[in-house]
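The values are calculated or read from the model by the stated rules, or taken from the named source; none is laboratory data. Small disclaimer: the values here were computed from a predicted structure and weren't measured. Every residue, glycine among them, receives a Cβ derived from its backbone with ideal geometry; neighbour counts consider all protein chains shown. Surface accessibility is based on the protein's heavy atoms, side chains included, excluding ligands, DNA and RNA. Shrake-Rupley method; radii C 1.70, N 1.55, O 1.52, S 1.80 Å.
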Amino acid sequence: MNRHHHPSLWGLLGLALLSTPLLGQSPLPQASSPSTAAIAFSRTQWRTYNQIDSIGIYRTDPQGLRTVRLTPQTSGVQYRLGGWSPSGNSIVYELFREDRPGRSQLYAMDREGGSVRQITQGTGTHSMPAWGPGGIAYAEGPCLALVRGDGEGQHELFCPPEDSLLQPPQWMVDGTNILIRTGHYEGSLEPVLLSSAWRVDSRTGQASLLAHWPPIRISTSASRVQPQAAEPQPDELYFSPTGREALLFRDPEIQPSVYRVDLATGAFSAYPIDGYSFVYSPDGARVALGGHTTIPGYIDFANVYVAGRLGDNLRQITRNYNNTTISWLPVQWSRNGRRLLAEKLVYTGDPIVHPRHELHILDLDTGAQVRLPDGEGGPGSWFQP
């Protein structure tokens, strides 16, 4: 999934941020309590522009003072980060080996990278794990599956009616239901991607169809921040953890490009902000997003924004007005909704060199930044006791 094609936000006022210097890192593992806040992240080494050589997993603290490598960084091996267990004792990941194409398994390890255990069995792929109160939800081929952290109870939970392309599963705040987006192609000459949103009960496997598209029928018209053309990008669906709504980003050549989806009725409405990589706050009341600010002279600078869930009270958080080689992506909210884990992508201008991923924690009240080690985060990266 390419997260880095960006629609635009126009005429927005920014909040200045105070950037702290890069903090020191220790290469040696250090003991830490399971109740200690920590951030797991990945580092990717590329063999060519479109071929990954290896992925490794690391851990740091929210101040970036101590960094620990948890897995090897071995050519031909990808340790694909899933996220933390609810207790913060373990991390789940997908292990993919280049010499075993079409096959992968899920593993778990402790906070120091030890006590490694395989938790899925069988052929095919076992991918995109999300650890929630009811176990580890993941994709087993085209199906949603569930397994306990000790590897027991592995079973398929829900297989959509069509052979489907699944997005990563997301646990609802109720701790029992899982939200997934599925998709399948129809047609042979010019295939069309048809997508659906589902809620699945982790105890019974009962699935409820929440929404289906295309086509999208707009139920209301809304004033929008001025849209601007961008390169095509596949649909991306961002669920609220409450399960009441979602935001759908479509091909920006089809205006409007962002929709609010009412998951109670399946209705779609135009969303008043163009943006990308939306992340809901834990209570579902706000969203963080990436977008562009255009200053006089029509120069775009990418930043992080926060808004109400309906697109109201839009605030610019980062203040990038001098570097067109920088993009920002929100990754995960703090539990109290006052801080945000984000990635700063720094491009070199050379199309065969991937951007450098810098991790930062943004304080939404004061505008301060904490610079963490370079790496890539995900929805389950930040454990907060």
Ordering 145-157, 122-134 by per-residue average of other C-beta atoms within 10 angstrom, highest first, gives 122-134, 145-157
For Val116 and Thr325, extending 7 Å from Cα along the Cα-Cβ vector and measuring point to point gives, in nm, a value of 3.6 nm
Env charge @ Ser104, Cβ radius under 10 Å, K,R +1 / D,E -1, value +3
Mean Cβ-within-10 Å packing, highest first, puts peptides 76-89, 179-192, 311-324 in the order 76-89, 311-324, 179-192
In debye to the nearest 20, the charge dipole size for region 284-366, taken about the Cα centre with +1 at each Lys and Arg Cβ and -1 at each Asp and Glu Cβ, equals 320 debye
Once Ala285 and Leu310 are pulled to full extension, the length gained, defined as 0.36 nm per residue separation minus their Cα-Cα distance, is 8.1 nm
Region 259-385 accessible area per residue, 1.4 Å probe, protein heavy atoms, integer Å², reads 37 Å²
Length gained, Arg338-Thr366, 0.36 nm per residue minus C-alpha separation, equals 9.1 nm
Full extension between Asp150 and His212 adds, at 0.36 nm per residue less the Cα distance, a length in nm of 18.8 nm
Pseudo-spin-label distance Ile352 to Leu193, built 7 Å along Cα→Cβ, given in nm, is 2.8 nm
Length-normalised contact order of region 254-385, Cα under 8 Å, at least 6 apart, in percent, tallies to 15 percent
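Could you look at region 54-117 and say what percent of its accessible area is carbon and sulfur, using a 1.4 Å probe and all protein chains?
45 percent
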For Tyr185 and Thr74, extending 7 Å from Cα along the Cα-Cβ vector and measuring point to point gives, in nm, a value of 3.4 nm
Descending packing, highest mean Cβ count within 10 Å first, for 197-206, 351-360 is 197-206, 351-360
Row for region 299-385, column shape: gyration tensor on C-alpha, a ≥ b ≥ c, rounded if a/c < 1.5 i.e. under 1.5, prolate if a/b over b/c, else oblate; value oblate
